[in-house]
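The values are calculated or read from the model by the stated rules, or taken from the named source; none is laboratory data. What you are looking at is a predicted structure, and each value in this text was computed from that prediction instead of being measured. As a convention, Cβ positions derive from the backbone with ideal geometry for all residues, glycine included, and neighbour counts pool all protein chains shown.
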Amino acid sequence: MTFLTGWGRTAPTPARLARPRSAEEVAELVRRAPGRGVAARGLGRSYGDAAQNAGGLVVDCTALISWSLDETTGLVTAAAGLSLHDLMAALVPRGWFVPVTPGTRHVTVGGAVAADVHGKNHHVDSSFGAHLTSLTLVTAGGESRVLTPADDLFWATVGGMGLTGVITEAVFRCIPIETSRVRVDVERTRDLDHTLETMTATDDRYRYTVAWIDLLARGGRMGRSVLTRGDHASREDLPRGARGGDPLAFTPGSLLKAPPWAPNGLLNPVTVRAFNEAWYLKSRPGSFVQGLGPFFHPLDFVEGWNRVYGSRGFVQYQFLVPFGEEATLRRIVSRLSAENVVSFLTVLKRFGPGTPGMLSFPAPGWTLALDIPAGRRGLAELLRTFDDWVAEAGGRIYLAKDSRMAAGTMAAMYPRLAEWRKIRDEADPDGVFRTDLARRLSL
Amino acid sequence: MKNALGTVDAVLLLGGRSEIGLAIVERLVRDGARRVVLASRDATGGEPPVIGEAEVHLLDFDASRPETHGEVIDAAVKLVGDLDVVIPAFGVLGSQAVYDADPVAAAEAVAVNYGGHVSIGLHAARRLREQGHGTIVVLSSVAGVRVRRANFVYGSAKAGLDGFAQGLGDALHGSGARVMVVRPGFVIGRMTEGMTLAPLSSTPGQVADAVIAGLRSDAEIVWVPGLLKLMFAVMRVLPRAIWRKMPR
Ligand SMILES: Cc1cc2nc3c(=O)[nH]c(=O)nc-3n(C[C@H](O)[C@H](O)[C@H](O)COP(=O)(O)OP(=O)(O)OC[C@H]3O[C@@H](n4cnc5c(N)ncnc54)[C@H](O)[C@@H]3O)c2cc1C
Ligand SMILES: NC(=O)c1ccc[n+]([C@@H]2O[C@H](COP(=O)([O-])OP(=O)(O)OC[C@H]3O[C@@H](n4cnc5c(N)ncnc54)[C@H](OP(=O)(O)O)[C@@H]3O)[C@@H](O)[C@H]2O)c1
């Protein structure tokens, strides 16, 4: 038995871990599923209990790493355990980039599909599922099925958090790039309204956009943000000095390692305020060219940064409210700021159209994500209040980040849950695929 | 499943009418538990009490019939799925004078206060080990920390229970399941009705508050009130000649 947690390091549970080397081995494990069921796991970057299975079997997919690229179409066929990090390292020098990348490269293709992940380009490119042409899924009986967007089971699997089967392979379209750099514009906004206005007015000029909100700013400055927006740089965009070398050179790596141990309470209002203040001031408005790594995955520079939150771990709260429900966003931001909630990085993003994934998170609207130490007093009640506001506004919480939502809340936020359940029950009538998240949310 | 902030979902109370037990359950429900099983003698047929918005089930359970205990745990799992918190809260206090005069009654009380906990505890542990999570909250007592002349039948059963619970916790170590031992002093309530108050007494609600705090911090032993821990550090080493003369 091995104890597993998500990235937030809360609620560990033991499971038997298996690391199959082929799709056939996956099928064999599923056929011999134990009573407590089977859960798929990638790199464990979901924050909560999505890739855990107390007392059961967890299939670690990270040994399934084969891939191929069709250089004319940009179509990639990748095994589910391949990380976007390794994929980028292979694709970028060949002039291709993944269609969607989350805020860390250290996720697997399987995890990206199961959570239907979104990136800074959601407002123009939607989420990962929108770029898939097919999936291979090992279903409850242990058979391998190839699914396309014409299948219901395909859209129950995209965003389905691993509960329809184990994905072993995915085929998706990549995008051509000329360089491994991004042309970035940085702007600072005065307050929340200014942030929303600016993003609404000019987001569409950029492929990638995100706002970092200084949650600790109060009063008239509440919601002040740093807007970072950019596009893949062309060769001409590169500064003269950099034009000589390989424009597609890509050598990302982690520079720093977080200490293996950090005291609880290291992140407190004082240290976080100082960090936020420094970040806001350091983010000088202007335009420049930046590497893919620093632009998309600044957190990947510190390996194991999640340990900084101490032994009790942390929760990430990411919600979405539809356009027109900005009042709810404002209400939550002002409450967070009034309560002095310590969040290291609070990120606001404007979403475009979602995919047909029945449990997919993104939909047109605003999404805010923040990290909070789990030991904070009164946190459970505070987040439950936010849940209610979000549900009332017709919004939802992101399952890949969730570790504490109640089952009833989830059902209220995902109106297509019943439809999803029906398809899942047909594909897995005996409940072979199970995770702690599924138990907690009665999925 | 217990969530990242310690909120649980399904609770089983054995001794389904226990004042302390119900006070714990009420708090767990207030914090978000959705499913409750109350197991007690002659339970079925009655109306389940309303506890917040939780779905409440009743089950028959007699602590003095260990041969039925396996089925009780299985039935509870059938009703609510994984058990997040199991609270064996049944017990009888009785009176030492009665036990002195009626050894059979004394043995029967011990069979409930100790034997019943052993069998239901082992069955609950089997299930919790299998599911890889969950906490058994064992209601011990300071009466068992150092047994007194004034109630040595009850006290010795609690001493046995306390030792059993600690051993069970050690046996479960590494399984994901846990045991929390609760050691209240004198609790003002039904069980102690008519008795004169002892120093450092508490109410069922205070015991329950301490249990909730203990569950949040993954405590192994909880004294209620906390000061009793200190007091018993002294009591434990008092010379026998003095201890023997403790009035109650
Ligand atoms: C620093 C950081 C930044 C992030 N930023 C973003 C972001 O910007 N946008 C975003 O959308 N997400 C973001 N995430 C969340 C992350 O992208 C998702 O949680 C993703 O699912 C993690 O992939 P993983 O391989 O680690 O999967 P795991 O965490 O191991 O698993 C996640 C889920 O996928 C399922 N799963 C994994 N592999 C398979 C498989 N082969 N078959 C079937 N099911 C499978 C699991 O059962 C589980 O339900 C971020 C996470 C971190 C830590
Ligand atoms: N009260 C105190 O001062 C105190 C102090 C320290 C520890 N404790 C312990 O805390 C626990 C709870 O006590 P409490 O104060 O809540 O007392 P309580 O209200 O009297 O509850 C005890 C429960 O045990 C049940 N019970 C007795 N024999 C049983 C049997 N054979 N099978 C099934 N159930 C049986 C009783 O059921 P019925 O409803 O059918 O009678 C009663 O509901 C007990 O273990 C007690 O020893 C109490």
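Total residues in the stretch A:16-47 satisfying the condition of being more than 17 Å from residue A:108 (Cβ to Cβ) and touching a Leu at 6+ places or on another chain (Cβ under 6 Å): the figure is 2.
Being in a strand (DSSP E or B), within 14 Å of chain B (Cβ to nearest Cβ) and within 9 Å of ligand 1 (Cβ to nearest atom) is the filter here, so list the residues in the stretch A:47-70 that pass it.
A:58
For the stretch A:32-46, taking the residues that are within 12 Å of chain B (Cβ to nearest Cβ) and more than 19 Å from residue A:5 (Cβ to Cβ), the one that is farthest from ligand 1 (Cβ to nearest atom) is identified as A:35.
Going by the structure shown, is residue A:341 at pLDDT 90 or above, among the β-branched types (Val, Ile, Thr) and buried (at least 20 other Cβ atoms within 10 Å of the Cβ)? Considered against the rule, which asks whether it is at pLDDT 90 or above, among the β-branched types (Val, Ile, Thr) and buried (at least 20 other Cβ atoms within 10 Å of the Cβ), residue A:341 comes out as no. Checking each residue in the stretch B:145-182 for being in contact (Cβ under 8 Å) with a residue 40 or more places away in the chain and closer than 15 Å to residue B:111 by Cα picks out B:152, B:153, B:154, B:156, B:157, B:158, B:160, B:161, B:164. A Cβ distance below 6 Å, combined with a sequence gap of six or more or placement on separate chains, defines the contacts here; from the stretch A:102-124, residues that are among the charged types (D, E, K, R) reach residues that are crowded, with 23+ Cβ neighbours inside 10 Å and assigned to a loop (DSSP other than H, G, I, E, B) in the pairs A:116/A:127; A:116/A:158; A:116/A:159; A:116/A:357; A:116/A:360.
Every residue, every condition in (1) assigned to a loop (DSSP other than H, G, I, E, B); (2) of a type outside the set (D, E, K, R); (3) assigned by TED's automatic domain parsing to the domain that holds residue A:360, yes or no:
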| position | (1), (2), (3) |
| --- | --- |
| A:72 | yes, yes, no |
| A:93 | no, yes, no |
| A:112 | no, yes, no |
| A:120 | yes, no, no |
| A:123 | no, yes, no |
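Residue-by-condition table, conditions (1) modelled with pLDDT under 95; (2) surrounded by fewer than 24 Cβ atoms within 10 Å (Cβ to Cβ); (3) within 14 Å of ligand 2 (Cβ to nearest atom):
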site	(1), (2), (3)
B:106	no, yes, no
B:116	no, no, yes
B:130	no, yes, no
B:133	no, no, no
B:139	no, no, yes
B:154	no, no, yes
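Do the conditions hold for residue A:25, that is, is it more than 14 Å from chain B (Cβ to nearest Cβ), surrounded by fewer than 21 Cβ atoms within 10 Å (Cβ to Cβ) and farther than 24 Å from residue A:131 by Cβ? Against the criterion (more than 14 Å from chain B (Cβ to nearest Cβ), surrounded by fewer than 21 Cβ atoms within 10 Å (Cβ to Cβ) and farther than 24 Å from residue A:131 by Cβ), residue A:25 qualifies.
Report yes if residue B:218 is acidic (Asp, Glu), modelled with pLDDT of 95 or more, more than 14 Å from ligand 2 (Cβ to nearest atom) and surrounded by fewer than 22 Cβ atoms within 10 Å (Cβ to Cβ), otherwise no. It is false that residue B:218 is acidic (Asp, Glu), modelled with pLDDT of 95 or more, more than 14 Å from ligand 2 (Cβ to nearest atom) and surrounded by fewer than 22 Cβ atoms within 10 Å (Cβ to Cβ).
So which residues in the stretch B:185-215 are touching a strand residue (DSSP E or B) at 6+ places or on another chain (Cβ under 6 Å) and more than 11 Å from ligand 2 (Cβ to nearest atom)? Within the stretch B:185-215, B:210, B:214 qualify. Within the stretch A:319-326, is even one residue farther than 16 Å from residue A:394 by Cβ and acidic (Asp, Glu)? Within the stretch A:319-326 (the criterion being farther than 16 Å from residue A:394 by Cβ and acidic (Asp, Glu)), the answer is no, since none of the residues qualifies. For the stretch B:43-58, the criterion of a residue being within 9 Å of ligand 2 (Cβ to nearest atom) and in contact with a His (Cβ under 8 Å, 6 or more places away or on another chain) is satisfied by no position.
Just one residue in the set B:238, B:172 is away from ligand 2 (no atom under 11 Å from the Cβ) and modelled with pLDDT of 95 or more; that residue is B:172. All of A:385, A:346, A:367, A:355 fail the test of being hydroxyl-bearing (Ser, Thr, Tyr) and within 14 Å of chain B (Cβ to nearest Cβ), apart from A:385. Counting only residues that are among the aliphatic types (A, V, I, L, M) and more than 14 Å from ligand 1 (Cβ to nearest atom), which one in the stretch A:89-126 is surrounded by the most Cβ atoms within 10 Å (Cβ to Cβ)? Ranking the qualifying residues of the stretch A:89-126, first place goes to A:91. Within the stretch A:59-71, the set of residues being in contact (Cβ under 8 Å) with a residue 12 or more places away in the chain and either surrounded by fewer than 24 Cβ atoms within 10 Å (Cβ to Cβ) or of a type in the set (Gly, Ala, Ser) (or both) comprises A:60, A:62, A:63, A:65, A:66, A:67, A:69, A:71. Only one entry of B:53, B:130 meets the criterion of being without any contact (Cβ under 8 Å) to a residue 24 or more places away in the chain and within 14 Å of chain A (Cβ to nearest Cβ), and that entry is B:130. Quick one: how many residues across the stretch A:161-182 are buried (at least 20 other Cβ atoms within 10 Å of the Cβ), over 30 Å from residue A:136 (Cα atoms) and of a type outside the set (Gly, Ala, Ser)? Of the residues in the stretch A:161-182, 3 are buried (at least 20 other Cβ atoms within 10 Å of the Cβ), over 30 Å from residue A:136 (Cα atoms) and of a type outside the set (Gly, Ala, Ser). Annotation for the stretch A:402-411: at least one member residue is under 20 Å from residue A:367 (Cβ atoms), over 19 Å from the mean Cα position of the chain (by Cα) and surrounded by 17 or more Cβ atoms within 10 Å (Cβ to Cβ).
Condition first: small (Gly, Ala, Ser) and without any contact (Cβ under 8 Å) to a residue 12 or more places away in the chain. Now tell me which residues in the stretch A:412-422 satisfy that. Answer for the stretch A:412-422, where residues must be small (Gly, Ala, Ser) and without any contact (Cβ under 8 Å) to a residue 12 or more places away in the chain: just A:418.
Scan the stretch A:163-172 and tell me whether some residue there is among the hydroxyl-bearing types (Ser, Thr, Tyr), within 16 Å of ligand 1 (Cβ to nearest atom) and modelled with pLDDT of 95 or more. Yes, the conditions are met somewhere in the stretch A:163-172.
The criterion of being within 14 Å of chain A (Cβ to nearest Cβ), touching a residue at least 24 places away in the same chain (Cβ under 8 Å) and in contact with a Gly (Cβ under 7 Å, 6 or more places away or on another chain) does not hold for residue B:43.
Comparison of A:214, A:231, A:237 shows that the only residue that is more than 30 Å from residue A:440 (Cα to Cα), more than 16 Å from ligand 2 (Cβ to nearest atom), away from chain B (no Cβ under 14 Å) and in contact with a helix residue (DSSP H, G or I) (Cβ under 8 Å, 6 or more places away or on another chain) is A:214.
Taken as a whole, the condition of being within 12 Å of ligand 1 (Cβ to nearest atom), away from chain B (no Cβ under 14 Å) and either touching a helix residue (DSSP H, G or I) at 6+ places or on another chain (Cβ under 7 Å) or in a helix (DSSP H, G or I) (or both) applies to residue A:129. Name the residue, out of B:84, B:100, that is in contact (Cβ under 8 Å) with a residue 60 or more places away in the chain and either away from chain A (no Cβ under 14 Å) or away from ligand 2 (no atom under 11 Å from the Cβ) (or both). It is B:84. Against the definition (of a type in the set (Asp, Glu) and more than 14 Å from every other protein chain (Cβ to nearest Cβ)), how does residue B:19 come out, yes or no? Spelling it out, residue B:19 is indeed of a type in the set (Asp, Glu) and more than 14 Å from every other protein chain (Cβ to nearest Cβ).
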